[in-house]
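Enquirer: Okay, here's the structure, questions in a sec.
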Amino acid sequence: MYMKSLLVLVSAALSLANAHQHHQIPLSNEHIQHDATKPLQETWLSKYGAQIDQPFSGPLSFSHLPYSRCLEDESAEFDIAILGMPFDTAVTYRSGARFGPYAIRSGSRRQKESRGYTMSWGANPYTMGAKMMDCGDVPVSPFDNALAVDQMEVAYASLLARNVSAKDLDVSAVNPARHLALDGLEHPRIVSLGGDHTIVLPILRALHKIYGPISVIHFDAHLDTWPAYPGTSTDQSRITHGTFFYMAKEEGLMSNQSVHAGIRCKLAGIEDLENDEEVGFQLISTDDIDDYGVNGIIQRIRERVGDTPVYLSLDIDVIDPGLAPATGTPEAGGWTTREVKRIIRGLAGLNFVGADIVEVSPAYDNAEITGIAAADLVHDFLSMLVAKEPPKRFARPGSIWVPAKDEL
Ligand SMILES: [Mn+2]
């Protein structure tokens, strides 16, 4: 019985194999009739069209902006440049911000010109007349800080010296600082992606040559105005991410109308605050937001810098480490991302000559929280740089709120 079943199975298998062999495709394809006028197969281009970049694909530029190595491509034209400064060798605690430009660009993947309109601004910064370009990264030395600081200054000054793209001053995007340059020319503005905070010293050196002394609006948990750290013995070792504002003041790069926002770090004592005031800063602490509110803070910042040429520098550690953990010197109890975004909206129309976001160090991130937050803040920087004034509340379609007449 067993042998008989086995024979039946073998013979069934053989006939299946024969049947399969019978239907195999012949080696020759002479039997296929070709129409020589048609390609064998439709191409991607004829069938699907353009090879679009999706939010999760394509080369990495900020918000899928046009990308150019502007330092070598001197024909690149822009009104606002995104420039990475992957420098992180002057920090007091955790290094890693050299990967900040990568993380911020990566966090911006879901941003793009065709979806740049936000309800909060009531505008799309990419379509207001200012040409924006991602100019790549400065190839900074990771081995020699004096060399790296010079490289960053030369790179920044090189882009500042370019002609602006928007020759027509009637475009809706405005550059309120365009009349402030000492040479009477309009200069491009640069949004720098750090890097540790030291990058602001070479930036202020380059800006000072164009505009003279600059006021700084400085969002940070830390003062960054310390004269030096204990144990530093050389001129170069005095230049760190916690001392660069002191150096800038020594060199006469800043006005005495600067302001900190969001300070909460521990200090040596009251003498740190006395020194800070001498460097030229007023101070808005983290807790002040509870007492004066977002609008109170906006008002004090605007009063402080007035109509001076002003530079915005934002250390991501101003935001609570629960919402932005990827940074070198985290301080508990900070502002929310939403609060910082609202304060930035209130600063539009000031005479901004440039801006940066620094200290994003993605090795300490979770689920890209910090990179996404930083990229979103850069979108706000771009909106702030091209808006004439802070956005007003407006009656948007479908809103259940009706603004009062004096808010419109
Ligand atoms: Mn800081």
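Just so it is clear, none of the values below were taken in a lab; they were calculated from the coordinates. Everything numeric in this text was worked out from a predicted model, so none of it was measured. Cβ sites come from the backbone with ideal geometry, for glycine too, and all protein chains shown count toward neighbours.
Enquirer: Do we have any residue at all in the range 206-214 that's touching a residue at least 12 places away in the same chain (Cβ under 8 Å) and within 16 Å of the ligand (Cβ to nearest atom)? I'd like the intermediate steps shown before the answer.
Expert: Taking the range 206-214 and keeping what is touching a residue at least 12 places away in the same chain (Cβ under 8 Å), we get 206-214.
Imposing the further condition that a residue be within 16 Å of the ligand (Cβ to nearest atom) reduces the set to none.
For the range 206-214, residues touching a residue at least 12 places away in the same chain (Cβ under 8 Å) and within 16 Å of the ligand (Cβ to nearest atom): absent.
To keep it simple, each residue is scored yes or no on (1) more than 16 Å from the ligand (Cβ to nearest atom); (2) closer than 24 Å to residue 192 by Cβ; (3) aliphatic (A, V, I, L, M).
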{"residue": "241", "(1), (2), (3)": "no, yes, no"}
{"residue": "256", "(1), (2), (3)": "yes, yes, no"}
{"residue": "270", "(1), (2), (3)": "yes, no, yes"}
{"residue": "293", "(1), (2), (3)": "yes, no, no"}
{"residue": "309", "(1), (2), (3)": "yes, yes, no"}
{"residue": "313", "(1), (2), (3)": "no, yes, no"}
{"residue": "329", "(1), (2), (3)": "no, yes, no"}
{"residue": "347", "(1), (2), (3)": "yes, yes, yes"}
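Enquirer: Taking the conditions exactly as written (crowded, with 17+ Cβ neighbours inside 10 Å, hydrophobic (A, V, I, L, M, F, W, C), away from the ligand (no atom under 14 Å from the Cβ) and more than 28 Å from residue 190 (Cα to Cα)), does residue 289 satisfy them or not?
Expert: yes
Enquirer: Here is a follow-up. Only residues in the range 261-286 that are farther than 15 Å from residue 243 by Cα count as the first member; pair them with residues that are among the polar types (S, T, N, Q) and part of a loop (DSSP other than H, G, I, E, B), Cβ under 7 angstrom, at least 6 apart or cross-chain, and list the lot.
Expert: Close Cβ pairs satisfying both conditions: 262/286; 263/286; 264/286.
Enquirer: Quick check on the range 306-325. Is at least one of its residues within 13 Å of residue 121 (Cα to Cα), of a type outside the set (S, T, N, Q) and within 15 Å of the chain's Cα centre (by Cα)?
Expert: no
Enquirer: Moving to a separate point now. What do you reckon, is residue 173 within 16 Å of the ligand (Cβ to nearest atom) and either under 19 Å from residue 318 (Cβ atoms) or touching a Gly at 6+ places or on another chain (Cβ under 7 Å) (or both)?
Expert: no
Enquirer: Hey, can you tell me all the residues within the range 215-235 that are within 16 Å of the ligand (Cβ to nearest atom) and over 21 Å from the mean Cα position of the chain (by Cα)?
Expert: 223, 225, 226, 229
Enquirer: Regarding residue 69, is this residue touching a residue at least 24 places away in the same chain (Cβ under 8 Å), buried (at least 20 other Cβ atoms within 10 Å of the Cβ), of a type in the set (D, E, K, R) and more than 19 Å from residue 345 (Cα to Cα)?
Expert: Taking the combined requirement at face value, the residue does not satisfy it.
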